[in-house]
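Taking it in order: structure first as C-alpha coordinates, then the write-up.
The values are calculated or read from the model by the stated rules, or taken from the named source; none is laboratory data. Model, not experiment: these values are computed from the prediction. Glycine also receives a Cβ, built like all others from the backbone with ideal geometry; neighbour counts cover every protein chain displayed.
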Amino acid sequence: MLTTRKLGRQGLEVSELGLGCMGMSQWYGATDDRESVATVHRALELGYTLFDTAEAYGPHDNEVLLGRALAGRREQALIATKFGFPMKLKDGTTAEADSRPEHIVEVVEASLKRLGTDYIDVLYQHRVDPKVPIEDVVGTMADLVRQGKVRYLGLCEAGEKTIRRAHAVHPLSVVQSEFSVWERNLEDGVLPLLRELGIGLVGFCPLGRGFLTGGVQRAEDYPDDDFRHHDPRLQGVNYDQNMAIAAKIREVAERHGLTPAQLAIAWALHQGDDIVPIPGTKRRTYLEENTRSATVALGVDTLAEIDDAVRADLVAGPRYNERMMAYIDR
(Lines give C-alpha, C1' and ligand atoms only; values in the text may rest on other atoms or scores of the structure.)
Protein backbone atom coordinates (compact mmCIF):
# COMPACT_ATOMS: atom_id res chain seq x y z
CA MET A 1 0.00 0.00 0.00
CA LEU A 2 1.19 3.47 -0.83
CA THR A 3 1.89 5.95 1.94
CA THR A 4 0.98 9.63 1.77
CA ARG A 5 2.78 12.94 1.32
CA LYS A 6 1.75 16.45 2.27
CA LEU A 7 1.74 18.99 -0.54
CA GLY A 8 1.77 22.63 0.44
CA ARG A 9 0.71 24.19 3.72
CA GLN A 10 -3.04 24.20 3.16
CA GLY A 11 -3.73 20.64 4.30
CA LEU A 12 -3.52 18.71 1.01
CA GLU A 13 -2.34 15.16 1.67
CA VAL A 14 -2.19 12.65 -1.17
CA SER A 15 -0.74 9.25 -2.01
CA GLU A 16 3.00 9.30 -2.74
CA LEU A 17 2.19 8.37 -6.33
CA GLY A 18 -0.76 9.72 -8.28
CA LEU A 19 -2.37 8.32 -11.40
CA GLY A 20 -2.20 10.35 -14.59
CA CYS A 21 -5.37 9.56 -16.51
CA MET A 22 -4.85 11.41 -19.80
CA GLY A 23 -3.66 8.40 -21.78
CA MET A 24 -6.88 6.58 -21.00
CA SER A 25 -8.66 8.88 -23.44
CA GLN A 26 -6.16 10.24 -25.95
CA TRP A 27 -2.68 10.55 -27.46
CA TYR A 28 -1.20 7.13 -26.66
CA GLY A 29 -2.83 4.62 -28.97
CA ALA A 30 -6.13 2.80 -28.82
CA THR A 31 -8.34 3.36 -25.79
CA ASP A 32 -10.09 0.70 -23.72
CA ASP A 33 -12.58 2.18 -21.28
CA ARG A 34 -13.23 -1.12 -19.52
CA GLU A 35 -9.55 -1.68 -18.76
CA SER A 36 -9.13 1.98 -17.80
CA VAL A 37 -11.95 1.77 -15.27
CA ALA A 38 -10.44 -1.44 -13.90
CA THR A 39 -7.11 0.36 -13.61
CA VAL A 40 -8.68 3.15 -11.55
CA HIS A 41 -10.32 0.58 -9.29
CA ARG A 42 -7.02 -1.28 -8.86
CA ALA A 43 -5.30 2.00 -8.05
CA LEU A 44 -7.74 2.61 -5.23
CA GLU A 45 -6.98 -0.88 -3.87
CA LEU A 46 -3.24 -0.09 -3.94
CA GLY A 47 -3.67 3.12 -1.97
CA TYR A 48 -3.72 5.72 -4.73
CA THR A 49 -5.78 8.76 -3.80
CA LEU A 50 -4.70 11.36 -6.40
CA PHE A 51 -6.26 11.05 -9.86
CA ASP A 52 -5.27 13.61 -12.48
CA THR A 53 -7.51 14.64 -15.38
CA ALA A 54 -8.47 17.80 -17.33
CA GLU A 55 -11.22 19.19 -19.52
CA ALA A 56 -8.74 19.06 -22.41
CA TYR A 57 -8.24 15.30 -22.21
CA GLY A 58 -10.49 13.86 -24.89
CA PRO A 59 -11.52 16.68 -24.81
CA HIS A 60 -13.98 16.09 -21.97
CA ASP A 61 -14.06 12.29 -22.34
CA ASN A 62 -11.49 11.68 -19.62
CA GLU A 63 -13.45 13.52 -16.95
CA VAL A 64 -16.54 11.49 -17.88
CA LEU A 65 -14.53 8.26 -17.70
CA LEU A 66 -12.99 9.11 -14.35
CA GLY A 67 -16.35 10.16 -12.95
CA ARG A 68 -17.81 6.82 -14.00
CA ALA A 69 -14.87 4.90 -12.52
CA LEU A 70 -15.21 6.71 -9.18
CA ALA A 71 -18.99 6.41 -8.94
CA GLY A 72 -19.76 5.10 -5.46
CA ARG A 73 -16.10 5.52 -4.45
CA ARG A 74 -15.78 9.31 -4.56
CA GLU A 75 -14.77 9.60 -0.91
CA GLN A 76 -11.67 7.44 -1.56
CA ALA A 77 -10.27 9.78 -4.22
CA LEU A 78 -8.83 13.25 -4.64
CA ILE A 79 -9.71 14.51 -8.11
CA ALA A 80 -7.43 17.03 -9.79
CA THR A 81 -8.65 18.69 -12.98
CA LYS A 82 -7.65 21.67 -15.09
CA PHE A 83 -8.96 24.47 -17.28
CA GLY A 84 -7.47 26.75 -19.91
CA PHE A 85 -5.47 24.49 -22.22
CA PRO A 86 -5.20 25.17 -25.96
CA MET A 87 -7.03 22.13 -27.32
CA LYS A 88 -8.39 20.68 -30.51
CA LEU A 89 -12.14 20.29 -30.32
CA LYS A 90 -14.12 17.42 -31.81
CA ASP A 91 -15.49 19.62 -34.57
CA GLY A 92 -11.94 20.07 -35.83
CA THR A 93 -11.49 23.62 -34.57
CA THR A 94 -8.87 24.64 -32.02
CA ALA A 95 -9.64 26.48 -28.78
CA GLU A 96 -6.82 28.71 -27.59
CA ALA A 97 -5.81 29.02 -23.94
CA ASP A 98 -8.65 30.82 -22.15
CA SER A 99 -8.53 31.84 -18.50
CA ARG A 100 -11.08 34.64 -18.52
CA PRO A 101 -12.88 34.60 -15.14
CA GLU A 102 -16.28 33.94 -16.69
CA HIS A 103 -14.83 31.04 -18.69
CA ILE A 104 -13.24 29.51 -15.59
CA VAL A 105 -16.63 29.45 -13.88
CA GLU A 106 -18.24 27.84 -16.95
CA VAL A 107 -15.55 25.17 -17.21
CA VAL A 108 -15.71 24.27 -13.51
CA GLU A 109 -19.49 23.85 -13.66
CA ALA A 110 -19.13 21.60 -16.71
CA SER A 111 -16.31 19.61 -15.11
CA LEU A 112 -18.36 19.01 -11.97
CA LYS A 113 -21.16 17.54 -14.10
CA ARG A 114 -18.83 15.36 -16.15
CA LEU A 115 -17.09 14.08 -13.02
CA GLY A 116 -20.38 13.43 -11.24
CA THR A 117 -19.33 15.32 -8.12
CA ASP A 118 -20.13 18.56 -6.32
CA TYR A 119 -16.52 19.53 -5.57
CA ILE A 120 -13.07 19.36 -7.15
CA ASP A 121 -10.18 18.58 -4.84
CA VAL A 122 -7.44 20.32 -6.83
CA LEU A 123 -8.14 22.87 -9.56
CA TYR A 124 -5.27 23.87 -11.84
CA GLN A 125 -4.85 26.53 -14.46
CA HIS A 126 -3.60 24.20 -17.20
CA ARG A 127 -1.40 26.76 -18.94
CA VAL A 128 -0.69 30.38 -18.09
CA ASP A 129 -2.80 32.69 -20.26
CA PRO A 130 -0.81 35.84 -21.08
CA LYS A 131 -4.03 37.66 -21.98
CA VAL A 132 -5.42 37.47 -18.43
CA PRO A 133 -3.58 38.75 -15.33
CA ILE A 134 -2.80 35.86 -13.02
CA GLU A 135 -4.34 37.88 -10.16
CA ASP A 136 -7.71 37.74 -11.92
CA VAL A 137 -7.33 34.03 -12.60
CA VAL A 138 -6.45 33.06 -9.04
CA GLY A 139 -9.00 35.49 -7.64
CA THR A 140 -11.71 33.61 -9.54
CA MET A 141 -10.32 30.27 -8.40
CA ALA A 142 -10.30 31.53 -4.81
CA ASP A 143 -13.98 32.46 -5.14
CA LEU A 144 -14.68 28.85 -6.11
CA VAL A 145 -12.86 27.69 -2.96
CA ARG A 146 -15.06 29.98 -0.84
CA GLN A 147 -18.14 28.57 -2.57
CA GLY A 148 -17.07 25.02 -1.66
CA LYS A 149 -16.74 23.90 -5.29
CA VAL A 150 -12.95 23.60 -5.10
CA ARG A 151 -10.68 22.66 -2.18
CA TYR A 152 -7.09 23.39 -3.26
CA LEU A 153 -5.46 25.46 -6.00
CA GLY A 154 -2.58 24.88 -8.38
CA LEU A 155 -0.90 26.05 -11.56
CA CYS A 156 0.66 24.03 -14.37
CA GLU A 157 3.97 24.82 -16.08
CA ALA A 158 4.13 28.25 -14.44
CA GLY A 159 7.31 30.26 -14.03
CA GLU A 160 8.69 31.88 -10.92
CA LYS A 161 7.21 35.35 -11.36
CA THR A 162 3.77 33.95 -12.07
CA ILE A 163 3.91 31.61 -9.07
CA ARG A 164 4.84 34.46 -6.72
CA ARG A 165 2.05 36.69 -7.99
CA ALA A 166 -0.52 33.89 -7.84
CA HIS A 167 0.47 32.76 -4.36
CA ALA A 168 0.04 36.33 -3.06
CA VAL A 169 -3.63 36.28 -4.08
CA HIS A 170 -4.49 32.88 -2.60
CA PRO A 171 -2.06 30.25 -1.28
CA LEU A 172 -1.26 27.58 -3.85
CA SER A 173 -0.98 24.01 -2.67
CA VAL A 174 0.71 22.61 -5.76
CA VAL A 175 2.38 23.38 -9.04
CA GLN A 176 2.29 20.69 -11.70
CA SER A 177 5.10 20.47 -14.25
CA GLU A 178 6.95 17.88 -16.25
CA PHE A 179 9.67 16.44 -14.02
CA SER A 180 11.79 13.38 -14.59
CA VAL A 181 15.37 12.24 -14.55
CA TRP A 182 15.74 13.63 -18.09
CA GLU A 183 13.54 16.74 -17.79
CA ARG A 184 14.87 18.81 -14.91
CA ASN A 185 14.29 22.40 -15.97
CA LEU A 186 12.66 23.11 -12.58
CA GLU A 187 15.73 22.53 -10.46
CA ASP A 188 17.45 25.89 -10.77
CA GLY A 189 14.51 28.23 -10.21
CA VAL A 190 10.99 26.85 -9.85
CA LEU A 191 11.67 24.06 -7.35
CA PRO A 192 13.64 26.24 -4.89
CA LEU A 193 10.83 28.81 -5.07
CA LEU A 194 8.18 26.18 -4.34
CA ARG A 195 10.13 25.14 -1.26
CA GLU A 196 10.53 28.74 -0.17
CA LEU A 197 6.77 29.34 -0.42
CA GLY A 198 5.69 25.94 0.88
CA ILE A 199 4.11 24.65 -2.34
CA GLY A 200 4.25 21.00 -3.41
CA LEU A 201 5.28 19.71 -6.82
CA VAL A 202 3.23 17.24 -8.84
CA GLY A 203 5.51 15.83 -11.53
CA PHE A 204 3.96 14.55 -14.72
CA CYS A 205 5.69 12.35 -17.32
CA PRO A 206 8.20 10.84 -14.84
CA LEU A 207 8.90 8.24 -17.55
CA GLY A 208 9.57 10.83 -20.25
CA ARG A 209 6.37 9.84 -22.10
CA GLY A 210 7.59 6.28 -21.98
CA PHE A 211 11.03 7.03 -23.34
CA LEU A 212 12.88 6.10 -20.17
CA THR A 213 11.40 2.61 -20.39
CA GLY A 214 13.44 2.08 -23.56
CA GLY A 215 10.37 0.79 -25.33
CA VAL A 216 9.34 3.68 -27.56
CA GLN A 217 9.70 3.80 -31.33
CA ARG A 218 10.79 6.58 -33.65
CA ALA A 219 8.30 9.42 -33.99
CA GLU A 220 7.50 8.55 -37.60
CA ASP A 221 6.47 5.02 -36.60
CA TYR A 222 3.50 6.33 -34.60
CA PRO A 223 0.20 7.45 -36.18
CA ASP A 224 -0.45 11.17 -36.49
CA ASP A 225 -2.96 11.15 -33.62
CA ASP A 226 -0.36 9.73 -31.20
CA PHE A 227 1.48 12.40 -29.19
CA ARG A 228 4.79 10.66 -29.76
CA HIS A 229 4.52 11.26 -33.53
CA HIS A 230 5.13 14.94 -32.81
CA ASP A 231 7.73 14.59 -30.03
CA PRO A 232 10.98 16.28 -31.11
CA ARG A 233 13.00 13.99 -28.86
CA LEU A 234 11.88 10.98 -30.86
CA GLN A 235 12.66 12.49 -34.25
CA GLY A 236 15.69 11.88 -36.47
CA VAL A 237 19.12 12.00 -34.85
CA ASN A 238 17.54 13.07 -31.54
CA TYR A 239 16.04 9.60 -31.23
CA ASP A 240 19.41 7.90 -31.63
CA GLN A 241 21.14 10.11 -29.09
CA ASN A 242 18.34 9.78 -26.57
CA MET A 243 18.14 6.02 -26.96
CA ALA A 244 21.69 5.90 -25.65
CA ILE A 245 20.41 7.56 -22.47
CA ALA A 246 17.57 5.04 -22.20
CA ALA A 247 20.11 2.24 -22.55
CA LYS A 248 22.10 3.60 -19.60
CA ILE A 249 18.96 3.75 -17.47
CA ARG A 250 18.13 0.17 -18.43
CA GLU A 251 21.66 -0.94 -17.50
CA VAL A 252 21.46 0.64 -14.04
CA ALA A 253 17.95 -0.74 -13.50
CA GLU A 254 18.96 -4.27 -14.39
CA ARG A 255 21.85 -4.18 -11.91
CA HIS A 256 19.35 -3.33 -9.18
CA GLY A 257 16.75 -5.89 -10.23
CA LEU A 258 14.35 -3.19 -11.42
CA THR A 259 12.60 -2.27 -14.63
CA PRO A 260 13.68 1.06 -16.18
CA ALA A 261 10.25 2.47 -15.29
CA GLN A 262 10.65 1.54 -11.64
CA LEU A 263 14.11 3.12 -11.51
CA ALA A 264 12.90 6.35 -13.11
CA ILE A 265 9.91 6.69 -10.78
CA ALA A 266 12.00 5.81 -7.74
CA TRP A 267 14.48 8.55 -8.74
CA ALA A 268 11.63 11.09 -8.79
CA LEU A 269 10.38 9.95 -5.39
CA HIS A 270 13.87 10.40 -3.95
CA GLN A 271 14.01 14.07 -4.95
CA GLY A 272 11.98 15.18 -1.92
CA ASP A 273 8.93 14.40 0.19
CA ASP A 274 7.24 17.46 -1.31
CA ILE A 275 7.18 15.86 -4.76
CA VAL A 276 4.50 13.45 -6.02
CA PRO A 277 5.04 11.86 -9.45
CA ILE A 278 1.93 10.94 -11.45
CA PRO A 279 2.94 8.29 -13.99
CA GLY A 280 0.15 7.72 -16.45
CA THR A 281 -1.14 4.35 -17.54
CA LYS A 282 -4.34 2.75 -18.77
CA ARG A 283 -3.40 -0.82 -17.85
CA ARG A 284 -3.37 -2.61 -14.50
CA THR A 285 -0.13 -4.45 -15.27
CA TYR A 286 1.83 -1.21 -15.70
CA LEU A 287 0.09 0.34 -12.71
CA GLU A 288 1.24 -2.50 -10.48
CA GLU A 289 4.78 -2.30 -11.89
CA ASN A 290 4.90 1.44 -11.28
CA THR A 291 3.54 1.10 -7.75
CA ARG A 292 6.44 -1.12 -6.71
CA SER A 293 8.72 1.88 -7.30
CA ALA A 294 7.56 3.28 -3.97
CA THR A 295 9.35 0.45 -2.14
CA VAL A 296 12.70 1.03 -3.88
CA ALA A 297 15.55 2.56 -1.86
CA LEU A 298 18.27 4.18 -3.96
CA GLY A 299 21.63 4.94 -2.36
CA VAL A 300 23.64 8.11 -2.85
CA ASP A 301 26.02 6.39 -5.28
CA THR A 302 23.18 5.07 -7.42
CA LEU A 303 21.47 8.46 -7.55
CA ALA A 304 24.76 10.06 -8.61
CA GLU A 305 25.21 7.41 -11.30
CA ILE A 306 21.76 8.12 -12.67
CA ASP A 307 22.37 11.86 -12.65
CA ASP A 308 25.61 11.41 -14.56
CA ALA A 309 23.97 9.15 -17.15
CA VAL A 310 21.23 11.66 -17.90
CA ARG A 311 22.99 15.03 -17.78
CA ALA A 312 21.01 17.82 -19.38
CA ASP A 313 23.67 18.35 -22.05
CA LEU A 314 23.16 14.76 -23.24
CA VAL A 315 19.42 15.11 -23.93
CA ALA A 316 18.72 15.92 -27.57
CA GLY A 317 15.79 18.08 -28.64
CA PRO A 318 13.13 20.19 -26.89
CA ARG A 319 10.35 18.43 -25.03
CA TYR A 320 7.59 19.98 -27.17
CA ASN A 321 7.32 21.40 -30.66
CA GLU A 322 7.65 25.16 -31.07
CA ARG A 323 3.92 25.86 -30.78
CA MET A 324 3.51 23.99 -27.51
CA MET A 325 6.76 25.32 -26.02
CA ALA A 326 5.26 28.80 -26.37
CA TYR A 327 2.73 27.88 -23.67
CA ILE A 328 5.43 27.02 -21.11
CA ASP A 329 5.72 29.99 -18.75
CA ARG A 330 9.38 30.37 -17.86
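Some observations on this one:
- Applying a threshold of 8 Å to beta carbon distances and a minimum spacing of six or more residues, or different chains, the list of pairs starting in segment 1-17 at a residue that is under 19 Å from residue 45 (Cβ atoms) and at pLDDT below 95 and ending at one that is among the aliphatic types (A, V, I, L, M) and surrounded by fewer than 20 Cβ atoms within 10 Å (Cβ to Cβ) reads 1/46.
- For segment 43-64, a residue qualifies if it is assigned to a loop (DSSP other than H, G, I, E, B), over 18 Å from residue 84 (Cα atoms) and over 15 Å from the mean Cα position of the chain (by Cα), and exactly one does: 47.
- Test result for residue 79, crowded, with 20+ Cβ neighbours inside 10 Å, more than 16 Å from the chain's Cα centre (by Cα) and more than 20 Å from residue 326 (Cβ to Cβ): no
- Taken together, the residues in segment 5-42 that are out of contact with any Ser or Thr (no Cβ under 6 Å at 6 or more places or on another chain), part of a strand (DSSP E or B) and surrounded by fewer than 21 Cβ atoms within 10 Å (Cβ to Cβ) amount to 2.
- Flag if residue 281 is closer than 30 Å to residue 13 by Cβ, within 23 Å of the chain's Cα centre (by Cα), in contact (Cβ under 8 Å) with a residue 12 or more places away in the chain and crowded, with 18+ Cβ neighbours inside 10 Å: yes
- Residue in segment 218-227 that is closer than 26 Å to residue 13 by Cβ, assigned to a loop (DSSP other than H, G, I, E, B) and touching a residue at least 24 places away in the same chain (Cβ under 8 Å) present: no
- The residues in segment 286-329 that are surrounded by 14 or more Cβ atoms within 10 Å (Cβ to Cβ), of a type outside the set (A, V, I, L, M) and in contact (Cβ under 8 Å) with a residue 40 or more places away in the chain can be counted, and the count is 12.
- Residue check for residue 274: at pLDDT 95 or above and surrounded by 15 or more Cβ atoms within 10 Å (Cβ to Cβ): yes
- Count of residues meeting criterion [more than 26 Å from residue 16 (Cβ to Cβ), touching a residue at least 40 places away in the same chain (Cβ under 8 Å) and out of contact with any helix residue (DSSP H, G or I) (no Cβ under 6 Å at 6 or more places or on another chain)] in segment 77-92: 3
- Residue check for residue 139: small (Gly, Ala, Ser) and in contact with a Pro (Cβ under 8 Å, 6 or more places away or on another chain): yes
- Segment 65-76, subset assigned to a helix (DSSP H, G or I) and without any contact (Cβ under 8 Å) to a residue 40 or more places away in the chain, residue surrounded by the most Cβ atoms within 10 Å (Cβ to Cβ): 69
- Looking across segment 45-64 at every residue that is among the aliphatic types (A, V, I, L, M) and touching a Phe, Trp or Tyr at 6+ places or on another chain (Cβ under 9 Å), the one that is surrounded by the most Cβ atoms within 10 Å (Cβ to Cβ) is identified as 54.
- Hits in segment 270-306 (condition: closer than 25 Å to residue 24 by Cα, in a loop (DSSP other than H, G, I, E, B) and of a type in the set (Val, Ile, Thr)): 278, 281
- When 220, 187 are checked against the criterion of being farther than 22 Å from residue 26 by Cα, surrounded by fewer than 17 Cβ atoms within 10 Å (Cβ to Cβ) and of a type in the set (Asp, Glu), a single residue qualifies: 187.
- Test: residue in segment 237-244 that is among the polar types (S, T, N, Q) and part of a loop (DSSP other than H, G, I, E, B): no
- Within segment 253-269, the residues that satisfy the criterion of being assigned to a loop (DSSP other than H, G, I, E, B) and either surrounded by 18 or more Cβ atoms within 10 Å (Cβ to Cβ) or aromatic (Phe, Trp, Tyr) (or both) are 258, 259.
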